[in-house]
Amino acid sequence: MISIAVLGYGTVGSGVVEVIEKNKEVIDKRAGKKIRVKYILDLRDFPGDPYADRVVHDINVILQDPEVTIICETMGGNEPAFTYSMQALKAGKSVCTSNKELVANHGAELIRTAKENYCNYLFEASVGGGIPIIRPLNAALTAERIELISGILNGTTNYILTRMDQEGCDFETSLKEAQEKGYAERNPEADVEGYDACRKIAILASLMTGKTVRYEEIYTEGITKITREDFLYAHKMNLFIKLLASVREADGGYYAMVAPFLIGENSPLHSVNDVFNAIFIRGNTLGDSMYYGRGAGKLPTASAVVSDVIDCAKHGRTHIVCLWDEEKLPLCSIDGAYRRFFVRAQKGCEAKARELFGEIELVDAGLENEFGFVTAALTEKEFAEKSGQLSGFISRIRVEEA
Ligand code: HSE
C-alpha cells in the first residue's frame, strides 16, 4: 500500500481525492499497489466531508510520517508550496503538482532536488490541465528535435474569444459570461492579460530546450484590446483570432511570445473553441502533432495529478529523468521576429499605408470610418517603426504563418 498526502483541499485537491476514490480499482491495478489518501493538509476543517478525519493543519505531521511517500501539491502559488515541496523532496518523498506558478519559477531546482534525493517531482497538471503534454515531451518525443510549440493554453481567454467570434459579443460581455460560468476568476487579470499562458509556455519552452526559460522574459500581450470590429475583419478574411503561446527555434536561437494572432483554416488550432486547450508541436523528424483536451477544471486537472501519482508509485525511489537545467536560456529579442501584420487604420491614409508598407492587401469590413490591410512579412522592429509613422493607425494583430 502507498500512503499519499494532498496539500490544499481546494478545487484540484478535492478533485484528486475524488479521482482516486472513483477510479480506485484501475488506479491500484496500474500503480501495482493500493493507493490511499492518508492526510489532507489545509488551514480549514471540513466537517461532514467523508475525508474530514484525514485533515491536518501541520505539514510536519506529513513530513515526519515515513508511511507517506508521495505528496500532491495542489495549493497553488509560490509559498508555502515551494518550502513544503522542497522539504518533502529532501525527505525522499515524491511530489506531484498542478502548480504552474511554482513549476515556472523553480522547476529546475525542484527536479534537481528530487534527483539528489532519489525521488520525483512531476508536474503533468501544470500545463494544459488534463491534456497529456509533459509526459509526451519527456518520453514519447525525446527522439525529436522540437522546432516549434504553439498552443492555446488558456481556457478562459479561448472561451471569451469564441463568444466574441461566434456570437458577436464584446470583450466585457464575454468576460462576464465566463465569470458567471465559473471559468474566469473574479480577478481575471492573469488570464486576460496572458500571464497564465506565459507561465505555461515558459514551462514547455524549458522542457523543449532543456534550460530554464524565464517567463518574465517572454513578450506577453493579452486579449483586452481585441474588439468586435476585429472579428468583422477576421470573418472577411476567413481567419480566426486566437491567443497563442509559442516558442520557436529560429536564427540560431529561440523566440517565445504570448499574443493574439490571426490564424487560418490551415492551422490545426483554428477549430479549438470554448474552454478547450490544444498544443501543436513540430519535431524535425516527426513533423506535426497536436494534443487537445480540457485545459482546466477540477477533474481533468486532478486526473493529471493522479497520473503522476501512479508514475511515482511505479518508480519508487528511481528518479525519472527530466532534462531541465537551471542554466538560464536567453531568448532572441522579438524585434527580429518576422511575420505579416493586420492593421486597422482611419480612412484617408491608404496612400500613406502603401508608401510605408509597400504592397498591402486591403480588407473592407464595411465600417464607416476605417479600413484594414495586411502587410507583407517584415520584422517586429520594422513594423513598429513604420506603424508609428501612420497617423491614422488604430490597431494591429499579428498574422500567424503556418
Ligand atoms: N485559468 C486557467 C485557464 C486555469 O483558464 O486556462 C488553468 O490553468
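The values are calculated or read from the model by the stated rules, or taken from the named source; none is laboratory data. Bear in mind the structure is a predicted one, so any value in this text is a computation, not a measurement. FYI the Cβ positions are ideal-geometry reconstructions off the backbone, even for glycines, and counts take in every protein chain you see. Please note that ligands, DNA and RNA were not included when accessible areas were found on the heavy atoms of the full protein model with its side chains. Shrake-Rupley method; radii C 1.70, N 1.55, O 1.52, S 1.80 Å.
Brief remarks on what is shown
- ALA91 open to solvent by 20 Å² or more (accessible area, probe 1.4 Å), touching a helix residue (DSSP H, G or I) at 6+ places or on another chain (Cβ under 6 Å) and either within 22 Å of ARG36 (Cα to Cα) or of a type outside the set (Gly, Ala, Ser) (or both): yes
- Any hit, the range 113-123, residues being over 22 Å from GLU327 (Cβ atoms), in contact with a Cys (Cβ under 8 Å, 6 or more places away or on another chain) and of a type in the set (S, T, N, Q): no
One line per residue, one yes/no per condition, for (1) β-branched (Val, Ile, Thr); (2) more than 17 Å from ILE397 (Cβ to Cβ); (3) in contact with a strand residue (DSSP E or B) (Cβ under 8 Å, 6 or more places away or on another chain):
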position: LEU331; (1), (2), (3): no, yes, yes
position: PHE342; (1), (2), (3): no, no, yes
position: LYS347; (1), (2), (3): no, yes, yes
position: ARG354; (1), (2), (3): no, yes, no
position: GLU359; (1), (2), (3): no, yes, no
position: LEU362; (1), (2), (3): no, no, yes
position: ASN369; (1), (2), (3): no, yes, yes
position: VAL374; (1), (2), (3): yes, no, yes
position: ALA384; (1), (2), (3): no, no, no
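- Residue within the range 190-197 that is within 12 Å of the chain's Cα centre (by Cα), of a type in the set (Gly, Ala, Ser), open to solvent by 10 Å² or more (accessible area, probe 1.4 Å) and within 15 Å of the ligand (Cβ to nearest atom) present: yes
- Residues within the range 233-245 that are over 16 Å from PHE280 (Cβ atoms) and assigned to a strand (DSSP E or B), tallied: 1
- Selection within the range 136-166 - at pLDDT 95 or above and open to solvent by 30 Å² or more (accessible area, probe 1.4 Å): GLU147, ARG163, ASP165, GLN166
Residues are listed down the side, and each one gets a yes or a no for (1) more than 16 Å from the ligand (Cβ to nearest atom); (2) in a strand (DSSP E or B):
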site	(1), (2)
ARG163	no, no
GLN166	yes, no
ALA184	no, no
PHE231	yes, no
VAL247	yes, yes
TYR254	yes, yes
MET257	yes, yes
PRO260	no, yes
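- For first residues located in the range 292-303 and outside any loop (DSSP other than H, G, I, E, B), partners that are within 12 Å of the ligand (Cβ to nearest atom) and aromatic (Phe, Trp, Tyr) and lie 6+ apart or on another chain with Cβ distances below 8 Å form the pairs TYR292/PHE276; GLY293/PHE276; ARG294/PHE276.
- Considering residues of the range 278-288 that are away from the ligand (no atom under 16 Å from the Cβ) and in contact (Cβ under 8 Å) with a residue 40 or more places away in the chain only, the residue most open to solvent (accessible area, probe 1.4 Å): THR285
- Count of the range 356-388 residues which are part of a helix (DSSP H, G or I) and aromatic (Phe, Trp, Tyr): 2
- The range 2-35, residues that are open to solvent by 80 Å² or more (accessible area, probe 1.4 Å) and touching a strand residue (DSSP E or B) at 6+ places or on another chain (Cβ under 6 Å): LYS33
- Neighbours by Cβ (under 6 Å, 6+ apart or cross-chain): first from the range 131-158, touching a residue at least 12 places away in the same chain (Cβ under 8 Å); second within 16 Å of the ligand (Cβ to nearest atom) and hydroxyl-bearing (Ser, Thr, Tyr): ILE131/TYR291; ILE133/TYR291; THR156/TYR183
- Where ALA365 falls short, out of the listed (1) in contact (Cβ under 8 Å) with a residue 60 or more places away in the chain; (2) surrounded by 12 or more Cβ atoms within 10 Å (Cβ to Cβ); (3) under 30 Å from the mean Cα position of the chain (by Cα): (3)
- Verdict on LEU262 being closer than 30 Å to PRO330 by Cβ and at pLDDT below 95: no
- Residues of the range 198-216 satisfying the condition of being in a helix (DSSP H, G or I), surrounded by 15 or more Cβ atoms within 10 Å (Cβ to Cβ) and away from the ligand (no atom under 16 Å from the Cβ): ALA205, SER206, LEU207, MET208, THR209
- Count of residues meeting criterion [crowded, with 18+ Cβ neighbours inside 10 Å and within 16 Å of the ligand (Cβ to nearest atom)] in the range 262-277: 5
Here's the yes/no breakdown for (1) assigned to a strand (DSSP E or B); (2) open to solvent by less than 20 Å² (accessible area, probe 1.4 Å); (3) away from the ligand (no atom under 16 Å from the Cβ):
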| position | (1), (2), (3) |
| --- | --- |
| ASN60 | no, no, yes |
| ILE71 | yes, yes, yes |
| GLY76 | no, no, no |
| TYR84 | no, no, yes |
| GLN87 | no, no, yes |
| VAL95 | yes, yes, yes |
| VAL103 | no, yes, no |
| HIS106 | no, no, yes |
| GLU109 | no, no, yes |
